[in-house]
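The values are calculated or read from the model by the stated rules, or taken from the named source; none is laboratory data. Here the structure is a predicted model, which is why all the values come from computation and not from measurement. Reconstructed Cβ throughout: ideal geometry from the backbone, glycine too, with neighbour counts over all protein chains shown.
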Amino acid sequence: MTVDLYNETDISFDFSFEEIAKKVIEGVLDYEKFPFEVEVDITLTDEESIKEINKENRGIDKVTDVLSFPFIDYPTRGEYDFIENDDSYFNPDTGEVILGDIVICLKRAKEQAEEYGHSILREYAFLICHSMLHLLSYDHMTEDDEKEMFSKQKEIMSLINIER
């Protein structure tokens, strides 16, 4: 697994951003039984940058906590076998599946941790878990989809022992 992590801020916490990211990503991939090694890019940024990215990509002119940019368009949610038939999903240098990009606003994550009464480590891990599910085809556009995705998030966070 390759996790390319870019911290565009001067914010740091008392844990390794990369170690926690890898733990969460592995937890999601194991839970989903994703059959390939992966590559994920994570950018940690500020409010101004994520607001601009949100505006450019989603037409929403406001700060958000996390954005997910999947590389793969899944024909069926939660099914991954089709990937092996398309070389364009793989990094030719590593053989890893390029899942996509995650952008996290660290200031917003810190505020949410305080708001929800849990640690910043838990909030950071949760945002990665949430985004990884987006990178693997899940969303929360309908009530049923939201129930499914949020249930998966809760189970994964419990399995990797990062709970509220």
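Taking the criterion of being surrounded by fewer than 17 Cβ atoms within 10 Å (Cβ to Cβ), hydroxyl-bearing (Ser, Thr, Tyr) and under 17 Å from residue 149 (Cα atoms), the residues of region 59-85 that qualify are 74, 76. Screening residue 110 on (1) farther than 30 Å from residue 87 by Cβ; (2) crowded, with 19+ Cβ neighbours inside 10 Å shows it passes everything except condition (2). In region 1-27, what residues are under 15 Å from residue 131 (Cα atoms) and among the small types (Gly, Ala, Ser)? 21, 27 - these are the residues of region 1-27 that are under 15 Å from residue 131 (Cα atoms) and among the small types (Gly, Ala, Ser). Residues of region 27-53 that are touching an Asp or Glu at 6+ places or on another chain (Cβ under 8 Å), over 19 Å from residue 126 (Cβ atoms), in contact (Cβ under 8 Å) with a residue 40 or more places away in the chain and not in a strand (DSSP E or B): 35, 36, 37, 46, 49.
Taking residue 6 as the residue in question, decide whether it is hydroxyl-bearing (Ser, Thr, Tyr), modelled with pLDDT of 95 or more and within 21 Å of residue 149 (Cβ to Cβ). Give the steps one after another, and end with the answer.
Numbers: hydroxyl-bearing (Ser, Thr, Tyr): yes; modelled with pLDDT of 95 or more: yes; within 21 Å of residue 149 (Cβ to Cβ): no.
No.
Among helices (runs of 4 or more DSSP H) entirely within region 61-164, having at least 1 residues that are among the β-branched types (Val, Ile, Thr) singles out 120-135, 143-159. Scanning region 43-53 for residues that are surrounded by 12 or more Cβ atoms within 10 Å (Cβ to Cβ), of a type in the set (D, E, K, R) and closer than 16 Å to residue 10 by Cβ yields 46, 47.
For region 86-106, filtered to residues that are within 22 Å of residue 133 (Cβ to Cβ) and not aliphatic (A, V, I, L, M), the residue that is surrounded by the fewest Cβ atoms within 10 Å (Cβ to Cβ) is 86.
Does residue 101 qualify as being of a type in the set (D, E, K, R) and within 20 Å of residue 45 (Cβ to Cβ)? Considered against the rule, which asks whether it is of a type in the set (D, E, K, R) and within 20 Å of residue 45 (Cβ to Cβ), residue 101 comes out as yes.
The single condition among (1) in a loop (DSSP other than H, G, I, E, B); (2) surrounded by fewer than 16 Cβ atoms within 10 Å (Cβ to Cβ) that residue 56 does not satisfy is (1).
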